[in-house]
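Just so you know, all these numbers are worked out from the coordinates, no wet-lab data involved. Please read all numbers here as calculations on a predicted model, not as lab measurements. Note: ideal-geometry Cβ built from the backbone for every residue, glycine included; neighbour counts use all protein chains shown.
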């Protein structure tokens, strides 16, 4: 039997799903990051299943030359050195199919909260204020929405936006990005010329660090609303605050920040965070876009299917 090492908390369905495919597992979510290298070297594991406890590096992979895969229980792989995996001949598996619907729904929720002032209105009523005119909002269905990135997450949002009647435009850096019926693929310049809302759906890498910066924002023809459910590092937080102050951004909904460990913010990060949390046209949430009870289990189903295919283990009967 092949064995894998699991070093993060997972939905309890993972172990029986792996067992149904003939894959054993050492489930050790209590392991501190510093102890993972020794654990990985202690047994000939074929796989390592992680969330975000530690960075997967060439040095770590060298301790387990028999590894065939690293599986990330989620969509983002920014804590994994993909070049090192490729050099070591180790396959990278992730599960964007598992939480794309959760992210799509949540992005709609953020947009509705932003356009209809729902969080601000809720806070006012709790304080005994009943301000209807001050909270007159905008209808999502009247908006042209631009999607930056058209992979699993962007497509999941596009499907939902079409139900509202939005005009949905999408830009993807991949020239071979396949079209579908839910959004129109356009050049970036056209998206910036027409969009009234921008929703970010690109993964983080060194190449797209702070892609959405001052120049990127200034290129939009109209003041717009911004939603980020991707990664905080793809957005320049200082440029975001400057655009909110100037009115170039009409509002922002952020499920992610450039530093999500709020007790470790630099002075510059603290200054931007203090502005964002006080701004009435900003909605904040703690990186929960893909965090649902359903996605928690579905991610396991996606990963174990991919692990089974990689190891050429037949799908178990239903």
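Rounded to the nearest 10 degrees, what's the angle between the helix 293-310 long axis and the longest principal axis of the chain, both from Cα atoms, 0 to 90?
40 degrees
Among 97, 138, 105, whose mean-square fluctuation peaks in a Gaussian network model of the chain (Cα, cutoff 10 Å)?
138
Please compute the length gained on full extension between residue 176 and residue 124, using 0.36 nm multiplied by the number of residues separating them and subtracting their Cα-Cα distance.
Using 0.36 nm per residue and subtracting the Cα-Cα distance, I get 14.0 nm.
For the chain, what is the relative contact order in percent, using Cα pairs closer than 8 Å and at least 6 residues apart in sequence?
17 percent
Which FRET efficiency, nearest 0.05, do residue 164 and residue 34 yield, Cβ-Cβ r, R0 51 Å?
Calculated transfer efficiency: 0.60.
Give the order of 296, 171, 27, 150 when sorted by the count of other beta carbons within 10 angstrom, beginning with the fewest.
Ordered by Cβ neighbours within 10 Å, fewest first: 27, 296, 171, 150.
Name the most mobile residue of 131, 116, 68, meaning the one with the largest mean-square fluctuation, in a Gaussian network model of the chain with Cα contacts below 10 Å.
Sorting by GNM fluctuation, first place goes to 131.
For an R0 of 45 angstrom, estimate the FRET efficiency from the Cβ-Cβ distance between residue 222 and residue 59 and round to the nearest 0.05.
So the FRET efficiency works out to roughly 0.40.
By per-residue mean of other Cβ atoms within 10 Å, what is the highest-first order of 184-197, 229-242?
229-242, 184-197
With n ≥ 4 as the cut-off for DSSP H runs, can you work out [θ] at 222 nm for the chain, using -39500 (n - 2.57) per run divided by the number of residues, rounded to the nearest 500?
Per the formula, -11000 deg cm²/dmol.
Can you classify the range 1-159 as rounded, prolate or oblate using the Cα gyration tensor, where a ≥ b ≥ c are the square roots of its eigenvalues, rounded means a/c under 1.5, and otherwise it's prolate if a/b beats b/c and oblate if not?
Since a/c reaches 1.5 and a/b is larger than b/c, the shape of the range 1-159 is classed as prolate.
For the Cα atoms of the chain, what angle does the longest principal axis make with the long axis of helix 152-164, in degrees from 0 to 90, nearest 10?
It works out to around 40 degrees.
Within the chain, what percent of beta bridges assigned by DSSP are antiparallel, to the nearest 5?
Around 0 percent antiparallel, to the nearest 5.
In what sequence, highest mean first, do 155-167, 205-217 appear when ranked by Cβ atoms within 10 angstrom?
Going from most to least packed, we get 155-167, 205-217.
Return one number: the angle in degrees, 0 to 90 and rounded to the nearest 10, between the long axis of the Cα atoms of helix 237-246 and the longest principal axis of the Cα atoms of the chain.
Approximately 10 degrees, to the nearest ten.
Does the range 100-284 come out rounded, prolate or oblate by the C-alpha gyration tensor, with a ≥ b ≥ c the root eigenvalues, rounded set by a/c under 1.5 and, if not, prolate when a/b is larger than b/c and oblate if not?
Since a/c reaches 1.5 but b/c is at least a/b, the shape of the range 100-284 is classed as oblate.
For a label point 7 angstrom out from the Cα of residue 261 toward its Cβ, which stretches of the range 1-37 have the backbone nitrogen within less than 16 Å?
32-35
Using a 10 Å cut-off around each Cβ, can you sort 291, 130, 225 from fewest to most neighbouring Cβ atoms?
Lowest to highest Cβ neighbour count: 130, 291, 225.
Over the chain, with a Gaussian network built from C-alpha contacts below 10 Å, which listed residue (271, 95, 71) shows the highest mean-square fluctuation?
271
What is the fewest-to-most order of 152, 287 by other Cβ atoms lying within 10 Å of their Cβ?
Ordered from fewest to most neighbouring Cβ atoms within 10 Å, 152, 287 come out as 287, 152.
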